[in-house]
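> Sharing a structure here in structure tokens format.
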Amino acid sequence: MKKIIAFGASSSKNSINKQLAIYAASLFENASVEVLDLNDYDMPVFSVDREKEDGIHPLAQQFYDRIGTADCIVISFAEHNGSYSAAFKNIFDWASRINAKTFQQKPMLLLATSPGARGGSSVLDIANKRFPFQGGNVKGSFSLPSFHENFKEEKIINEELNADLIELIQSIAL
């Protein structure tokens, strides 16, 4: 059985992106899912001075190690002002100091959603372009627009969008 690490790249306790990541991860066949919560990796804001003084934060090492246990990573990005959430960016900055190839060549499915019609497409575009340089083997990406209209009872209710996501997941050979 393959292991999927899934998380919403948000610190919101009611993250719509975490909900989407969990749903997408559940669609993989013959896979177990471990869900990470970014709130478990709350660290001081990264700075080279802090790293020099204190070394790599232990929570960054734990995050990096968890990524290393995955056969596939599913991330759904919250979009804050067109980019990553501060919580995700901080964890990413710390973990990248352990290894610039933070995602360790793991297959990745990148997602985003938002209440609006663009579905986090700006941050998804940034991640799609950046993650291959950070050791991400990006196998596909998916944006879910208008989350509150298209996602109910822990699943995508728009049949066309749901079919698109299922087709994408089936194309990712684990």
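Laboratory data are not the source of any read-out in this text; all were calculated from the coordinates shown. What you see is a predicted model; the values in this text were computed from it and never measured. Glycine also receives a Cβ, built like all others from the backbone with ideal geometry; neighbour counts cover every protein chain displayed.
> Please find, in a Gaussian network model of the chain (springs between Cα atoms separated by less than 10 Å), the residue of Ile73, Ile156, Ile98 whose mean-square fluctuation is greatest.
Ile98
> Counting each pair of different Cα atoms once, what's the Kirkwood radius of the stretch 30-104 in Å, rounded to one decimal?
Numbers: mean 1/r = 0.0752 Å⁻¹.
Kirkwood hydrodynamic radius for the stretch 30-104: 13.3 Å.
> In which sequence would Leu144, Leu161 go, from the one with the fewest C-beta neighbours within 10 Å to the one with the most? Working shown, then result.
Working: Leu144 25, Leu161 18.
Sorted ascending by nearby Cβ count, the order is Leu161, Leu144.
> Just the number, please: percent antiparallel of the DSSP beta bridges in the stretch 2-171, rounded to the nearest 5. Could you put the intermediate results ahead of the total?
Details: 3 of 27 bridges.
Antiparallel: roughly 10 percent of the beta bridges in the stretch 2-171.
> Let me ask something else about it. I need the calculated FRET efficiency for the pair Ala173 and Asn81, taking r as the beta carbon distance and R₀ as 41 Å, to the nearest 0.05. Don't jump to the answer; show the numbers that get you there.
Values: r = 36 Å, r/R0 = 0.87.
Efficiency, rounded to the nearest 0.05: 0.70.
> Would you calculate, for the chain, the mean residue ellipticity at 222 nm contributed by helices, counting each DSSP H stretch of 4 or more residues as -39,500 (n - 2.57) and dividing by all residues, to the nearest 500? Could the numbers behind the result be given before it?
Working: 7 runs with 67 residues, N = 174.
Helix contribution divided over all residues of the chain: -11000 deg cm²/dmol.
> While we're here: So how do Thr69, Thr113, Thr102 line up by other beta-carbon neighbours within 10 Å, fewest first? Please list the in-between numbers first.
Details: Thr69 11, Thr113 30, Thr102 23.
Exposure proxy ranking, most exposed first: Thr69, Thr102, Thr113.
> Okay, next question. Is any residue of the stretch 115-132 close enough, with backbone N under 19 Å, to a label point placed 7 angstrom from the Cα of His148 along the Cα-Cβ axis, and if so, which?
115-121
> Give me Glu51, Glu159 ranked fewest to most by other Cβ atoms within 10 Å of their Cβ, as a rough exposure proxy. Write down the numbers at each step before the final one.
Working: Glu51 15, Glu159 8.
Ascending number of Cβ neighbours within 10 Å: Glu159, Glu51.
> What FRET efficiency, computed as 1/(1 + (r/R0)^6) with R0 = 22 Å and r the Cβ-Cβ distance, is obtained for Val48 and Gln134, rounded to the nearest 0.05? Don't jump to the answer; show the numbers that get you there.
On the way: r = 18 Å, r/R0 = 0.82.
The pair Val48/Gln134 has a calculated efficiency of 0.75.
> If you don't mind, there's one more thing I want to ask. Give me the dipole magnitude in Debye, nearest 20, for the chain about the Cα centre, with unit charges on the beta carbon: positive for Lys and Arg, negative for Asp and Glu. Present the calculation step by step, with values, prior to reporting the outcome.
Numbers: 17 positive and 21 negative charges, 77 e Å.
Dipole size: approximately 360 debye.
> I'd like the Kirkwood hydrodynamic radius of the chain, using the inverse of the mean 1/r over distinct C-alpha pairs, in Å. List each step's numbers first, then the result.
Values: mean 1/r = 0.0620 Å⁻¹.
That comes to 16.1 Å for the chain.
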